[in-house]
Amino acid sequence: MRFVVKNLIVLVSLASAVYAQFTQTAFSQTANNDEQEIRKSMLEIERAFVSRDPEPFDRIFLDGYVNVREKPVYNYREQLAAMVKWDAAAIKSGKKLDFETISYESELPSIHLVGDVAVVNTLKKNLWRYKEDRCLTQYQTTELWIKAGGAWKVAAGHMTPIQCNPMPYQPSHPAVSATGAIEKPTKHLSTTAETELRELLSKLTDAGLRTDTNTDAFAPEFVSTALNSNVSKDRSLVLEALKIPTIRNRERYRFEEVFLSFGNGAIYVFRVRTLPKEGQTVRPRPVVYSIMFVKSGADWLIAAGHASEILD
């Protein structure tokens, strides 16, 4: 009897180990497939910039996609579509474009998956031409992707431009000028998600925002992009920004806060203004911050932080 029980225990343990290994393998395969799909979509977008094919922009960019460069633009998908369609029509008619994307590529993108949400950090390189002038503009970029309807879509992106020097003259594209920029969100606003995210940030504030007391608030693959475009896992960018009050009569204050929810992904966008000190002749430039979140089970986790200066 003991022999039978002993063998039964061995068989159960072996079956559990095999099942765990199978489950882990299946999970890894799914994650690998998702990463490959995101990379494929990124490549499609890059090629579409060069060829001026509007289809990938309509399919891969989420309706309500927000782009943060200097200021948040909440209709950036529509601006891109208008530009590409305008150029595609001009090319079809045989017209030579004033604006041209010569090449567009992403350098070694890092993709961190949490269920149906992904955070992508990469350096985008855009070699463009306006009339006879050329320039290589680089963008250190953090993107929030979500899986909707079985397909991955980019929901939000924060880009820090690194311009060529000297920067040639480049007017706004006529189709983009005609479309205009919407700087107030109308989609993906969720009172429930905003309340949950504010509670998370409030808990961090109550804990004193110390890096040794808030590990549970950050995703393991957290990534941070600083003002100098340096990418690291340093949480201090987010923690220092959250220390800044929203009271305008302080030396520094947060303003124009926006919380957007994309299912199990979310983004908090805000600006920080620093008042000039007495005798200062140059006003400090405002800074725009994006904090990206992923939902793991019932909990929101901080997945990424990105900061860039507002130049105008």
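Within the chain, the selection of entire DSSP H helices by a Cα span of 15 Å or greater along the long axis and an average Kyte-Doolittle value of at least -1.0 returns 2-51, 76-92, 191-206.
Listed from fewest to most Cβ neighbours within 10 Å, the set Lys40, Lys71 follows the order Lys40, Lys71. Of Lys71/Lys243; Lys71/Lys233; Lys95/Lys147; Lys203/Lys295, which ones are farther than 27 Å apart at the Cα? Lys95/Lys147, as the Cα separations exceed 27 Å there.
Adding -39500 (n - 2.57) for every DSSP H run of four residues or longer, then dividing by how many residues the chain holds, sets the calculated 222 nm ellipticity at -11000 deg cm²/dmol.
Under the rule a/c < 1.5 gives rounded, and otherwise a/b versus b/c splits prolate from oblate, where does the chain land using the Cα gyration tensor? Here the chain falls in the oblate category.
Per residue, what volume in Å³ does the Cα convex hull of the range 191-309 take up? Mind dumping the intermediate values first?
Working: hull volume 13.6 nm³, N = 119.
In the range 191-309, the Cα convex hull volume per residue is 114 Å³.
Could you check which residue among Thr160, Thr191, Thr142 shows the biggest mean-square fluctuation in a GNM of the chain with a 10 Å Cα cutoff? Its mean-square fluctuation being the largest, the pick is Thr191.
In whole Å and largest first, what semi-axes does the C-alpha gyration tensor of the range 19-179 yield when each eigenvalue is scaled by 5 and square-rooted?
32, 17, 14
Note on the chain: with charges restricted to the Cβ of Lys and Arg (+1) and Asp and Glu (-1), its dipole about the Cα centre is near 180 debye. Using only side-chain charges placed at the Cβ, +1 for Lys and Arg and -1 for Asp and Glu, the dipole size of the range 245-312 relative to its Cα centre rounds to 200 debye.
A short reminder: the numbers here are calculations on the coordinates, not readings from a lab. Keep in mind that what you see is a predicted model, and the values were worked out from it rather than measured. Every residue, glycine among them, receives a Cβ derived from its backbone with ideal geometry; neighbour counts consider all protein chains shown.
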